[in-house]
Amino acid sequence: VQYRILHELTAARLAAAYDRLGEDKVFAFDYGDAAIKLWLPIGPSDLVQGAIMRDRSFYGARMLEKVRARLPMAGERVLDIGANIGNHTVFFSQICGAREVEAFEPVRLSFRALQRNAELNGVKLIAHDCALGARSEAGRAVVNPANLGGSHMELAADGAVKVFALDDLDVAPFRAMKIDVEGWAAQVLE
């Protein structure tokens, strides 16, 4: 009972904070010396966006810090496959110092957020509104409305989402590749 009450209070506070963002829905926080702005189109109703608001930080910041400690990216190109709203894209650029991020995101609302968040933070971004897979074909994104980042791909001959093999794309050399594609990683790596 206490957990449920605490959860309801937290949800109510996040909803009120989201309403105070006005029509623009841009949430700002400081991360070290960096001032970060993220457009959160559905806010606390989404797992990732709600966590960003609750923690006033990047989603998965502890894991991202482990990556930063082990994999220098300053001045490098990075691929973000399954970029969602650009949480990792912005982190790689603004915190890790990546010179350019090439990102892939097939969910339309997430892709628009990725583009806007890169723009808000001055990220040099090459954005692709497609999925990556074992070969070039068609598919559809199955959207999870409670967690846009938890959306997944299905192959479908009549699908509206283009799926490309990474080897078929002209991707310049890169330092790191992040893959978060909800059960689709084997197809991306293949």
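Rolling a 1.4 Å probe over the protein chains gives residue 18 an accessible area of about 30 Å². Beyond 20 Å, how much of the Cα-Cα pair distribution for the chain remains, as a whole percent? When all Cα pairs of the chain are counted, 55 percent exceed 20 Å. Taken as Cα centroids, the stretch 6-49 and the stretch 114-142 sit 23 Å apart, rounded to the nearest whole angstrom. Using the Cβ atoms and a cut-off under 11 Å, what net charge is assigned to the surroundings of residue 71, where Lys and Arg are +1 and Asp and Glu are -1? That works out to +4. Scoring 96-106, 149-159 by mean Cβ neighbours within 10 Å over their residues and listing the highest first yields 96-106, 149-159. Pairwise Cα distances in the stretch 22-64 exceed 12 Å for 58 percent of all pairs.
Sorted on the mean count of surrounding Cβ atoms within 10 Å across their residues, most packed first, peptides 78-90, 134-146 read 78-90, 134-146. In this calculation the C-beta distance from residue 158 to residue 126 is compared with R0 = 22 Å, giving a FRET efficiency of 0.20. Normalised by 2.2 N^0.38 Å, with N the number of residues, the alpha-carbon radius of gyration of the stretch 24-109 equals 1.06.
Sorting 44-57, 172-185, 22-35 by average packing, meaning the other beta carbons within 10 Å per residue, from highest down gives 44-57, 172-185, 22-35.
Run the count for the chain, please: Lys pairs, Cα-Cα under 19 angstrom, 8 or more apart or on different chains.
Counting lysine pairs in the chain gives 4.
Neighbours of residue 110 by Cβ distance under 13 Å: Lys/Arg scored +1, Asp/Glu scored -1, total -3. Quick one: compute the contact order of the chain, relative version, from alpha carbon pairs under 8 angstrom and 6+ residues apart, as a percent. Relative contact order of the chain: 18 percent. Between residue 69 and residue 35, the contour length at 0.36 nm per residue exceeds the alpha carbon distance by 10.2 nm.
The values are calculated or read from the model by the stated rules, or taken from the named source; none is laboratory data. If you're wondering where the values come from, they're calculated on a predicted model, not measured in any experiment. Every residue, glycine among them, receives a Cβ derived from its backbone with ideal geometry; neighbour counts consider all protein chains shown. Heads up: the accessible areas ignore ligands, DNA and RNA and are worked out on the full protein's heavy atoms, side chains in. Shrake-Rupley method; radii C 1.70, N 1.55, O 1.52, S 1.80 Å.
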